[in-house]
Amino acid sequence: DFLISVVEGGNLQAVNEVEIRNEVEGTARVIYIVPEGTYVKKGELLVELDSASAQDQVNQQLIAVEKSQFALIQAEEQLAIQQSVVDSEVRAAELKLQFAKMDLEKWLSMEAEQERTKAANEITTISEKLAIEQEKAQWSEKLEKQGFETKANRDRDLLTVKQTHLSYMMATNAFAMLEQFDLKKKQRTYESAVHEAEEELKRVKH
């Protein structure tokens, strides 16, 4: 028996091979590596990279996250405050609109007629007073002609008639102005208040 051997150069290749790659972007310094040819088990440390730079980035990101969370809390609180303000403004605008509609309804259903009746009653009262004073002045003239009344009293009664007649004319003119201008003006004022309240409510809601 004799030994037969052949000397030849070449490379060994493992049947089962596992590649370990660094997934962190950029470059990192190796501070520990297991010696070549060492038998290892699952879970054992093979390579350790310098994590100082990565840890700084992590810390910066954590700080950024905390700032963002704080900003979020502030924004939510501000939103709650703003929502409360808006709700208050909406309620105030709704109440203003309600009151404006009530004022208009009250004017149309009651107040306008009351104003008209009041002015008409003023005319009636003065008219009745004028009739009485005219009759009194006529009697004064008759009595003065017969010598039973003084001229001064007759003149006073005539002056009273003129003054009451002037009051009657003023009351009549006031009634006419009330019908032609004042009542319409007040109605337009109440209608304008309702319109403005509606526009204000729309603005607040949007």
Sites removed, the longest contiguous part of the chain containing no DSSP-loop trypsin sites (Lys or Arg not before Pro) with at most 10 other Cβ within 10 Å is 43-206
Total charge of the residues flanking Val30 in space, meaning their Cβ is under 12 Å from its Cβ, with Lys and Arg +1 and Asp and Glu -1, is -1
Along the stretch 173-184, Karplus-curve 3J(HN,Hα) (6.51, -1.76, 1.60; θ = phi - 60°) to the nearest Hz, with x for Gly and Pro, reads 5, 4, 5, 5, 5, 4, 5, 7, 10, 4, 5, 5
Long-range amide H partners of Glu149, meaning residues 5 or more apart or on another chain whose placed amide H is closer than 5 Å, are Glu144
Expected max-MSF residue from Val58, Val40, Val18 in the GNM of the chain (alpha carbon, under 10 Å) is Val18
Scoring only Lys, Arg, Asp and Glu (+1, +1, -1, -1) among other residues with Cβ under 12 Å from the Cβ of Tyr168 yields -1
Within the under-12-Å Cβ sphere about Glu111, not counting Glu111, Lys/Arg +1 and Asp/Glu -1 give a net charge of -1
About its Cα centre, the stretch 24-150 carries a charge dipole, from +1 on Lys and Arg Cβ atoms and -1 on Asp and Glu Cβ atoms, whose size in debye to the nearest 20 is 140 debye
Sequence order, the stretch 34-44: Karplus ³J(HN,Hα) from phi using 6.51 cos²θ - 1.76 cosθ + 1.60, θ = phi - 60°, Hz rounded, Gly and Pro as x, gives 5, x, 5, x, 6, 7, 10, 10, 4, x, 7
Charge dipole of the stretch 117-206 built from unit charges on the beta carbon (Lys, Arg +1; Asp, Glu -1), centred at mean Cα; most positive-end Cα among Ser140, Ile123, Ala176 is Ala176
Per the Kirkwood formula over distinct C-alpha pairs, the hydrodynamic radius of the stretch 156-195 in angstrom is 12.1 Å
Ignoring chymotrypsin sites (Phe, Trp or Tyr not before Pro) buried by more than 16 other Cβ within 10 Å or outside DSSP loops, the longest site-free run in the chain is 40-147
Rounded to the nearest 10, the angle in degrees between the Cα long axis of helix 52-106 and the longest principal axis of the Cα atoms of the chain comes to 20 degrees
Sorted by chain and then number, the residues having a modelled amide H within less than 5 Å of the amide H of Leu49, at least 5 places away or on another chain, are Ile31
Whole-number value, in Å³ per residue, for the convex hull of the alpha carbons of the chain is 273 Å³
Connecting every pair of Cα atoms under 10 Å apart in the chain and solving the GNM, the largest mean-square fluctuation among Gly147, Gly43, Gly26 falls on Gly43
With Cα springs under 10 Å, the Gaussian network model of the chain assigns the largest mean-square fluctuation among Thr38, Thr160, Thr150 to Thr38
Measuring from its Cα centre, the stretch 52-123 shows a charge dipole (+1 at each Lys and Arg Cβ, -1 at each Asp and Glu Cβ) which, in debye to the nearest 20, is 100 debye
Filtered hits (lysines, Cα-Cα < 21 Å from Lys106, offset >= 8 within chain) -> Lys96, Lys118, Lys184, Lys185, Lys186
With the dipole of the chain defined by +1 on each Lys or Arg Cβ and -1 on each Asp or Glu Cβ, the option from Ala64, Thr38, Val86 whose Cα lies farthest towards the positive pole is Val86
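Taken together, the values in this text are just the output of simple stated rules run on the coordinates, not laboratory data. These numbers come from a predicted model, not from an experiment. Because the Cβ atoms are built from the backbone with ideal geometry, glycine has one as well, and the counts that use them run over all protein chains shown.
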